Each structure stands twice: as structure tokens, then as C-alpha cells.
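Colleague: Just dropping this structure here.
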Amino acid sequence: MIKRNSGLGFVALALSVSVPAFAAAPPVANLADLGTAVSAQIACAGIFVADRNEADVLRDDIHALAPFTQKVTLTVDRKARTVLASAPDATPRTALYRPVAGCTLLTGDVSTATLDAQVEGLAPLPAQSARAWPLGDAAVPALQAAAEAKLDRAALDKAVAAAFDEQNKDGYPDTRAIVVVQGGAIVAERYAPGFDQNTELLGWSATKSIMGTLVGILVDDGVLALDAPAPVPQWQGKGDPRAAITLRQLLTMTSGLAFVEKYEPGNDSIKMLFESGDMGAMAAELPLEHAPGTHWSYSSGTTNILSRIAFQATGGTLQSMVRFAQERLFEPAGMTSALIEPDEAGVMMGSSYAYATARDWARYGVLHLNHGNAGGRQVLSQKWLDFAQTPTPVAPQPFYGAQLWLNVAEADGERRKLFADVPADAVMARGHNFQIVASIPSQDAVIVRLGWTPEGHKFDWNKYVSQIAAALAPATPTR
């Protein structure tokens, strides 16, 4: 298992640098093409990042993902660090693994030497297992005993077991990891066969929340400003209406930019994730569809624009962006396994591709419980957290903050919840295949579920998360 390490501090560069021409792969013309593209990306990470068996990745990740991936075959070249995905009537696609950075889907227009140069000098973060939880893995006996004394152990074990036993049929690992934290202690932890506390698992769109946090750190530093026009070079032309878009509007998904999130060939999401070598630049080329700040629309393109802004603000190289993430978030929070995979331009794909162990995903949730503080270090300000956890007013149902999901809001005088039986103050990072990291301040608790629920199937977030929460003891909120 490869771990990641810190480097030197970042130097913020001017944000008005020109955007280079970026490579583009052959168009994803049909679902078979989409199957090979997505399969190359996730199989590469499953094999090289998560260090899982190739046959298991093919059976349980690729063939289980969707109908259009069921005929995909893989060719793994460990010396070249590549995975080639092929299928009948589809364009074969290749992804390249780079230590510390993870996997990148290739367009065919950028050399391996160029991509390897992007990660020169990067090193993995050292494990902190000997330190006390949450910075390390060592339990604090007093906190562990206090937490155990307050919860309903039988009910908690039953609730966690249900999320596995009711989902994981015929040996398929649908639910792969659950970690439950309360009162500063891990009170429940379980993994499916083939997975353990060292397995790095994909968060899909839960990645957006981590990228939002990285942007928040830059705002706290004064490098970026919430209500200033977003520093996007493509929007600086005379008379360009996109120049009015602010960082706040990008964070809250209210930029007004056109972006079709539906995952079908020809749509923006597919062009960005599987055809473009510079995803944020591609998304930034899209036109306005609504006046900025007047319309909410969930958009992975918006998050990748934020990723590119963070890339430029932290030095304009993959090395500088990784070191910033390591030094300012991952190492202080104890998330030593965490990475966000980059595109060919070296920009982290903040929309979709963060990997971390289940415990490290839980550490991200604990950071929110602790008001941005980790081990006595203020990683993120309370001012930022207040903003990020405030419902976006123009959203049809105001359950979205700034790259975070919220469980409750007042709408038309009626108190509504996103998940009816989950505590109202839950703040969540959520992703495809039913990933969830739920921080619940009223219970001083974090509930993490990571899995791979296939297309057409469901993991009932409300049912399973609420059953786990019900077994935990209420806690007095700290603020």
C-alpha cells in the first residue's frame, strides 16, 4: 500500500495566467465507449491506488457498475503502470497510475514522460497510526469507555450489520466499509471481505466537499475572496457576462453556467470527464444559461472550475497543489491516505475522484464536528464552516450549502428534511454508488458508508443512517 507525504509550502501565483491548449480524446460516441473510458479510470485506481486484486476489481467494480461495462476486459501493465479497458465495438481507453497522484485517463496527446514529470519530488504522507484518534489510530481509553457507556451496543451492532447483510447478497460487496465515530472514539467499524482499514475507497462526488474545503482554506488565507469575480481566464474578455460570476456562486452551484450533468454520450459531463485533458478549462468554456446567483443547478463542471482556481492559486503545478492539500488539510486532519486524482493538465478532479480509507473519510467528518480544528490546529475557520453549512437560498429545496449537503431547511414555512429520520443537523458529503460521510453535531457523531451499489439498485440512506444514529447517545451540541 503506497502512502503519501508532505513537501514544501505553496507560493500563490497570479491567477490571470493564460490557459494552455488542452488535449482531447476521441469522442465518446456510444455507451460502449463510455464503458471503456470509465472502466480504465476506476480499474486503474482499484488496482494501483487501492492495491486490490485485478479479478476482484473487474468483477465487483467494472462489471457491476452499469450494463454498458459488463463486456469490458482489462489489460494491466504493472511495469508501465497502465490499465487498458477494451470492449466489443468500443474505443479502447488507457489510464496511467502515478505514485502519490493516482490515476489519470489518457487522451493520447500527452506523453507518459510529461505526466511523470508532473509528480517529480512528491512523496507520500507518513502514517500516523501511533497517534491518538483522530490524528492517528490509537484509541483513547477514557473516550472509548465514555462513548461505550452511552450508546446502545446491541442496537448499533444490529444497525451496522443490516447495512451489510441486507445489501451484500451472493458474496457481492455492495456495502464495503462503515465507520461510526461518537464522542471522540470509533464505536463501530466493519468491512466487507477483501476490504479493510487500509483500503482506499472512492468517494465519487463526496470529493466535491473536500475540494470545497481546500478552496475554503484559500479563502481563510486571503488568497481568494468569496464575493470577488472568480479568477477564470476565459471569462476576462471584454463584455463577457461570465466575468460577473463570483467564487461564492461557484461554490453554491449558482453560477448560471450551462452544464448538462446527465451521464450520456454527448453531454457536458461525459465530454469533461472522459474526453478532456483539462476538465476545469473545458467546463469554463461553457456559456451562461442564467444570470449568476439566480438559479441553482448541480454541476460537476462547476467543481472542476473551482479545482482549476485552486490549482492556479497554489502555484499552478500538480506538485504545488498536492503539497498544499497535504500540508494544509490531509496531514493536519490525519487523512494520510487521501488523494484526489488529476487530469492530464495536472489539476485535481475535484468533482469525482478522491480516494481515502474509510477512517480517513471519517476524519474528514470529524473535522466538521470539531469546528475546523484538528489536534489543536485550526485547519478551517468557523466563519467558513458557517458559510458552507448555510442553505443556498435560490435552490428549489435548500438542502445544499457550499459543496456540502444539508439535511434540513425552512421552506415556505414548513420544516423539511432531505432524509426524514436522520437528525436534522446532519452535514453530508455524498457520492455516486451511495457514498456518504455524515457529520451529526447534535450527537457528536460521524457515520461513514462506502460501497458500490450497482446501477438500478439502491442503498437506503435514510433507513440505514438513521438506524445507526438512533443507536448512538445524544450529545450536547458544542455551539
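Colleague: Give the accessible surface of the stretch 77-201 per residue, rounded to a whole number of Å², with probe radius 1.4 Å and ligands, DNA and RNA excluded. Don't skip to the answer; put the middle values down first.
Modeller: Numbers: 5590 Å² over 125 residues.
Accessible surface, normalised per residue, equals 45 Å².
Colleague: Over the chain, what is the relative contact order in percent, taking alpha-carbon pairs closer than 8 angstrom and at least six residues apart? Numbers along the way, then the final one.
Modeller: Working: 1067 pairs, mean separation 96.9, N = 479.
It rounds to 20 percent for the chain.
Colleague: Calculate, in nm to one decimal, what Glu120 and Gln144 gain on full extension: separation in residues at 0.36 nm each, minus their alpha carbon distance. Intermediate values should be presented prior to the final figure.
Modeller: Details: separation 24, 0.36 × 24 = 8.64 nm, distance 4.17 nm.
Extra length available between Glu120 and Gln144 comes to 4.5 nm.
Colleague: Divide the volume of the convex hull of the Cα atoms of the chain by its number of residues and quote the answer in cubic angstrom per residue. All intermediate terms of the calculation are to be shown ahead of the outcome.
Modeller: On the way: hull volume 65.3 nm³, N = 479.
Given the Cα convex hull of the chain, per-residue volume reads 136 Å³.
Colleague: Are there trypsin sites (Lys or Arg not before Pro) in the stretch 305-372 that DSSP puts in a loop and that have at most 16 other Cβ atoms within 10 Å, and which ones? Please list the in-between numbers first.
Modeller: Values: sites: Arg308, Arg323, Arg328, Arg359, Arg363; in loops: none.
Within the stretch 305-372, no trypsin sites (Lys or Arg not before Pro) qualify (loop, at most 16 other Cβ atoms within 10 Å).
Colleague: If you don't mind, there's one more thing I want to ask. Measure out, as a whole number of angstrom, how far apart the alpha-carbon centroids of the stretch 199-253 and the stretch 262-293 sit.
Modeller: Each part reduced to its Cα centre gives a spacing of 15 Å.
Colleague: Please work out the C-alpha center-to-center distance from the stretch 353-404 to the stretch 54-133 and express it in whole Å.
Modeller: Each part's Cα centre sits 28 Å from the other's.
Colleague: Give me the percent of accessible area attributable to carbon and sulfur for the chain, probe 1.4 angstrom. Please report the intermediate quantities before stating the final value.
Modeller: On the way: 9740 of 17740 Å².
On the chain, the fraction of accessible area on carbon and sulfur atoms equals 55 percent.
Colleague: Using the heavy atoms of the protein chains and a 1.4 angstrom probe, tell me the accessible area per residue for the stretch 223-377 in square angstrom.
Modeller: Numbers: 4180 Å² over 155 residues.
Per residue, the stretch 223-377 has an accessible area of 27 Å².
Colleague: Another question, then. Assign one of three labels to the stretch 114-189, namely rounded, prolate or oblate, based on the Cα gyration tensor with a ≥ b ≥ c the square roots of its eigenvalues; rounded applies when a/c is under 1.5, prolate when it is not and a/b is larger than b/c, and oblate otherwise. Can you show the working numbers first?
Modeller: Numbers: a/c = 4.69, a/b = 1.37, b/c = 3.42.
Cα axes put the stretch 114-189 in the oblate bin.
Colleague: With a cut-off of at most 11 other beta carbons within 10 Å, and DSSP calling the residue loop, which trypsin sites (Lys or Arg not before Pro) in the stretch 383-468 qualify? Please list them.
Modeller: On the way: sites: Lys383, Arg415, Arg416, Lys417, Arg430, Arg449, Lys458, Lys463; in loops: Lys458.
Sparse-neighbourhood loop trypsin sites (Lys or Arg not before Pro): Lys458.
Colleague: Further question: May I ask you to compute the full-extension gain from Arg59 to Lys238, defined as 0.36 nm times their residue separation minus their alpha-carbon distance, rounded to one decimal in nm? Don't skip to the end; give the middle numbers.
Modeller: Working: separation 179, 0.36 × 179 = 64.44 nm, distance 5.23 nm.
So the extension gain works out to 59.2 nm.
Colleague: A further question follows. If you average 1/r across every pair of different Cα atoms in the stretch 224-281 and take the reciprocal, what Kirkwood value do you get, in Å?
Modeller: Numbers: mean 1/r = 0.0786 Å⁻¹.
It is 12.7 Å.
Colleague: I need to check one value: relative contact order of the stretch 143-293, counting alpha carbon pairs closer than 8 Å and at least 6 residues apart, in percent.
Modeller: On the way: 147 pairs, mean separation 22.0, N = 151.
Averaging sequence separation for qualifying contacts and normalising by length gives 15 percent for the stretch 143-293.
The values are calculated or read from the model by the stated rules, or taken from the named source; none is laboratory data. Note that the structure is predicted; figures quoted are calculated from it, not measured. Note that each Cβ is placed from the backbone with ideal geometry, even for glycine, and that neighbours are counted across all protein chains shown. Ligands, DNA and RNA are excluded from the accessible area calculation, which covers all protein heavy atoms including side chains. Shrake-Rupley method; radii C 1.70, N 1.55, O 1.52, S 1.80 Å.
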